[in-house]
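*Asks:* Pasting in a structure now, in structure tokens, and then I'll have a few things to ask.
The values are calculated or read from the model by the stated rules, or taken from the named source; none is laboratory data. Source: prediction; values computed, not measured. Reconstructed Cβ throughout: ideal geometry from the backbone, glycine too, with neighbour counts over all protein chains shown. For the accessible areas, the whole protein counts, side chains as well, though only heavy atoms, and no ligand, DNA or RNA atoms are used. Shrake-Rupley method; radii C 1.70, N 1.55, O 1.52, S 1.80 Å.
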Amino acid sequence: MTLRLGLAGTGRIGTSHAETLKTLPRVGGVVVADADTERARATATKLGVDFAPDIETLLGSGISGLVIATATDSHPELIARAVDRGIPVFCEKPVAADIAGTLAVIDHVESSSVPVQIGFQRRFDAGYTAARAAVASGELGWLHTLRATTLDPTPPPAEYIPRSGGLFRDCGVHDFDIIRWVTGREVTEVFVQGANRGERFFADADDVDTAAVLMRLDDGALATVSLGRYNGAGYDVRLEALGSKGNAIVGLDDRVPLRSVEPDYPASPYPAYPGFMDRFRRAYTEELSAFTKVVAGEAQNPCGPREALEAFYIAEACELSRRQHRPVALTEVRR
């Protein structure tokens with residue numbers, strides 16, 4: 001089955017997705033659109049794909065599926081418009097800007113049979129997949145501790161922060177999702193501390209540039225998540241799953257930005273990852289390849305909107321904990 005896929009949003013990640021889509025064996029054509037019409041036209045010309053002047057034209061161009069890589073506030077409308085036309089959707093996280101919006105999208109989607117896959121690319125990374133298999137097999141024994149890390153080398157642009165949703169919804173949500181996915185457990189309680197030692201625009205947006213999260217899972221295991229925007233050594237994303245019989249560590253490769261100061265310990269000759277696009281390039285390809293199988297009716301949806309909602313609940317609890325300086329149970333934010 002040959003697919004013609006649409007892509008809404010030709011910013012950095014949207015353009016990268018378009019480049020990936022045109023290389024996938026099942027994809028026979030790609031058509032792109034953007035609120036910035038000239039940017040979409042230029043992207044289409046550069047990549048040798050088709051161009052649509054607006055979203056309505058894109059949706060009516062005979063596409064088999066739609067990839068959404070636009071600003072968060074446009075996600076609910078675009079998902080609904082595609083679903084109403086019977087077009088399967090892949091949407092970058094989050095589903096919506098808040099829980100109420102996410103629940104509204106879920107209600108709309110679940111009233112149809114059209115699949116909507118949400119983009120949590122770490123689920124398609126080989127390391128996280130191996131860690132999940134190790135936990136499920138029992139080879140690690142029972143887990144007592146998980147340590148997750150997402151540290152950006154430099155902060156996003158100042159104008160991005162006020163509409164990002166904050167450090168937990170924008171960045172930490174990936175760690176929250178992957179901890180659930182790797183362990184198969186749910187988070188029951190969080191306690192958070194945040195700090196601002198960098199640019200003033202984080203505090204001006206009532207956000208933080210650094211955070212430490214302590215979580216309790218429903219089986220009693222503890223998890224910590226370290227988040228930051230100023231890791232000058234490079235992009236650092238890891239997960240440690242520590243059990244009674246062994247451990248599994250994700251992200252500990254030759255490009256991890258860690259420097260040992262032990263005598264005679266050789267430094268890696270490879271450069272650190274500069275950002276998430278390089279670190280997860282293969283995972284993004286696997287994720288979009290999985291979407292083509294969903295569109296073709298050959299696979300079940302690997303990550304629906306309810307999965308994204310669960311990670312969003314954790315992010316909401318973290319934000320409440322940060323603001324009120326107290327532990328927060330997930331039951332306080334669930335609806």
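*Asks:* Note down all Cβ pairs under 7 Å where the first residue falls in region 88-117 and is within 15 Å of SER74 (Cβ to Cβ) and open to solvent by 50 Å² or more (accessible area, probe 1.4 Å), the second is at pLDDT below 95 and in a loop (DSSP other than H, G, I, E, B), and they're at least six residues apart or on different chains.
*Replies:* Pairs found: ALA97/GLY165.
Yes/no matrix, rows are residues, columns are (1) outside any loop (DSSP other than H, G, I, E, B); (2) among the charged types (D, E, K, R); (3) touching a residue at least 60 places away in the same chain (Cβ under 8 Å):
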site	(1), (2), (3)
TYR265	no, no, no
SER268	no, no, no
ALA283	yes, no, yes
THR292	yes, no, yes
ARG306	yes, yes, yes
GLU316	yes, yes, yes
ARG326	no, yes, yes
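*Asks:* Given the criteria closer than 23 Å to MET277 by Cβ and either at pLDDT 95 or above or open to solvent by less than 70 Å² (accessible area, probe 1.4 Å) (or both), does GLY29 qualify?
*Replies:* no
*Asks:* Here is a further query. Among the residues of region 139-166, count how many are open to solvent by 30 Å² or more (accessible area, probe 1.4 Å), closer than 18 Å to GLU316 by Cα and free of Cβ contacts under 8 Å to residues at least 60 places away in the same chain.
*Replies:* Result for region 139-166: 1.
*Asks:* Follow-up. Give all pairs with beta carbons closer than 7 Å in which a residue from region 204-232 that is within 17 Å of THR149 (Cα to Cα) and in the same structural domain as ASP175 (by the TED database) meets a residue that is acidic (Asp, Glu) and open to solvent by less than 40 Å² (accessible area, probe 1.4 Å); count only pairs at least 6 apart in sequence or on separate chains.
*Replies:* VAL225/ASP175; GLY228/ASP152; GLY228/ASP209; ARG229/ASP152; ARG229/ASP209; TYR230/ASP209; ASN231/ASP152
*Asks:* Among the residues of region 84-91, is any basic (Lys, Arg) and under 19 Å from ILE179 (Cα atoms)?
*Replies:* Taking every residue of region 84-91 in turn, none turns out to be basic (Lys, Arg) and under 19 Å from ILE179 (Cα atoms).
*Asks:* Identify, from the list ALA283, ALA241, the residue that is assigned by the TED database to the domain that holds ALA221 and crowded, with 19+ Cβ neighbours inside 10 Å.
*Replies:* ALA241
*Asks:* Residues to consider are THR20, THR10; find the one that is under 25 Å from the mean Cα position of the chain (by Cα) and open to solvent by less than 10 Å² (accessible area, probe 1.4 Å).
*Replies:* THR10
*Asks:* Which of (1) touching a strand residue (DSSP E or B) at 6+ places or on another chain (Cβ under 8 Å); (2) crowded, with 17+ Cβ neighbours inside 10 Å; (3) under 19 Å from ALA311 (Cα atoms) is the odd one out, the single condition ARG169 does not satisfy?
*Replies:* With respect to (1) touching a strand residue (DSSP E or B) at 6+ places or on another chain (Cβ under 8 Å); (2) crowded, with 17+ Cβ neighbours inside 10 Å; (3) under 19 Å from ALA311 (Cα atoms), ARG169 is out only on (1).
*Asks:* What about THR129, is it on the phi < 0 side of the Ramachandran plot, assigned by the TED database to the domain that holds THR224 and free of Cβ contacts under 8 Å to residues at least 12 places away in the same chain?
*Replies:* yes
*Asks:* Being of a type in the set (Ser, Thr, Tyr), touching a Lys or Arg at 6+ places or on another chain (Cβ under 9 Å) and at pLDDT 95 or above narrows it down to one of SER289, SER244, so name that one.
*Replies:* SER289
*Asks:* Out of region 104-154, which residues are closer than 18 Å to ALA299 by Cβ and polar (S, T, N, Q)?
*Replies:* Within region 104-154, SER113, GLN117, GLN121, THR129 meet the criteria.
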